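First the structure, in the form of structure tokens, and then the observations on it.
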Amino acid sequence: MSTVPGAAKASRKFHFISGMPRSGSTLLAAILKQNPRFRAGMTSPLADIMGAVIAEASSKNDFSFDVSDDRRAALLRGLVENFYAGPEAADVVFDTSRLWCSRMQLLGALFPEAKVIACVRQLPWVLDSMERLVRMQPTGVSKVFRFDTNTTVYSRIQALTDPRGMVGFAFQATKDAFYGQYAPGHLLMLTYESLARDPAAAMRAVYRFIDEPWFEHDFDNLEYNASEFDDRVGMPGLHTVRPKVEADERGTILPHEIFSRFVNESFWLDPKNNVGKVPIV
């Protein structure tokens, strides 16, 4: 990845978790945080805060002429470093956001040694998982669908897969990262299927990718939930991780026409697409 003048190697390492919803990012964080040297969690506000700073340091602000490229980079780098400063500072930090896959160039400029782990899952099963969460709350309504009570499975899928929707944006951002010039050496595609079926093998691949010594994880006793956040967006269970990592084999609840429409969208499964030789686990 390219660097920005003045970029210094921080004492802590920063890596980033991104990819698609309902594809194992929270599960990955729950596993990683078992390692006492690591800090990981659900989606943080950091990427959104950085976006606001980038906007205000641009020509949107009439006084931005006084913000040089070096100063802008230092400001953003300091934002990340200070966000994770304090008594709980860890040796290795993993920040999670769907936005990171769309900001590979920025991450390369700020943290040239950083790695991005993109969690992916076959798209129809992502949508199936979202629909299951909706149906678990028949008396509730979700912020994901703008608190609209007059929806159907068809309108919900349309909203989710819109380019600005929860799933649509993340899917396109992941494709952007996968095909982009910054992917080689800096992007790992971690499939939900591999993580759920053989977590030990999947995590060993993650450790090799981030060049860290192996830590013996307990895949039968995980702890993670974000019930307060999930309740606030009206989708309880969105970030709940079951204690034991295991595959959940089941049939889909989606109408066949919806499921079949997205069944061939797993671009990472076709070797011809992997021109950057991105590792896929």
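For the structure I just gave you, tell me whether ALA114 is crowded, with 18+ Cβ neighbours inside 10 Å and over 30 Å from GLU265 (Cβ atoms).
Judged against the criteria, ALA114 is not a match.
Residue under question is ASP91, and the condition is that it be at pLDDT 95 or above and either among the hydroxyl-bearing types (Ser, Thr, Tyr) or under 21 Å from the mean Cα position of the chain (by Cα) (or both); does it hold?
Here the answer is no, as ASP91 does not meet what is asked.
Is there a residue in region 51-63 that is β-branched (Val, Ile, Thr), crowded, with 18+ Cβ neighbours inside 10 Å and over 20 Å from PRO213 (Cα atoms)?
no
Need the failing condition index for HIS186 against (1) within 16 Å of ARG121 (Cα to Cα); (2) buried (at least 22 other Cβ atoms within 10 Å of the Cβ), just the number.
(1)
Looking at (1) farther than 24 Å from LYS272 by Cβ; (2) of a type outside the set (Val, Ile, Thr); (3) not in a loop (DSSP other than H, G, I, E, B), find the lone condition where LEU190 falls short.
Condition not satisfied by LEU190: (1).
When you look at ARG156, is it closer than 24 Å to MET20 by Cβ, surrounded by 16 or more Cβ atoms within 10 Å (Cβ to Cβ) and in contact with a Phe, Trp or Tyr (Cβ under 8 Å, 6 or more places away or on another chain), yes or no?
Yes, satisfied.
Hey, does region 135-143 have a residue that's hydroxyl-bearing (Ser, Thr, Tyr) and either surrounded by fewer than 16 Cβ atoms within 10 Å (Cβ to Cβ) or over 16 Å from ARG98 (Cα atoms) (or both)?
Yes, region 135-143 contains at least one residue that is hydroxyl-bearing (Ser, Thr, Tyr) and either surrounded by fewer than 16 Cβ atoms within 10 Å (Cβ to Cβ) or over 16 Å from ARG98 (Cα atoms) (or both).
Going residue by residue through region 145-155, is there one that turns out to be β-branched (Val, Ile, Thr), in contact with a Ser or Thr (Cβ under 8 Å, 6 or more places away or on another chain) and touching a residue at least 60 places away in the same chain (Cβ under 8 Å)?
No - not one qualifying residue is present in region 145-155.
If a residue must be farther than 19 Å from MET166 by Cβ and under 17 Å from the mean Cα position of the chain (by Cα), how many such residues does region 42-75 contain?
Adding up the residues that qualify gives 2.
The values are calculated or read from the model by the stated rules, or taken from the named source; none is laboratory data. Note that the structure is a prediction, hence the values are computed from the model and not measured. We place every Cβ from the backbone using ideal geometry, glycine too, and count neighbours over all the protein chains shown.
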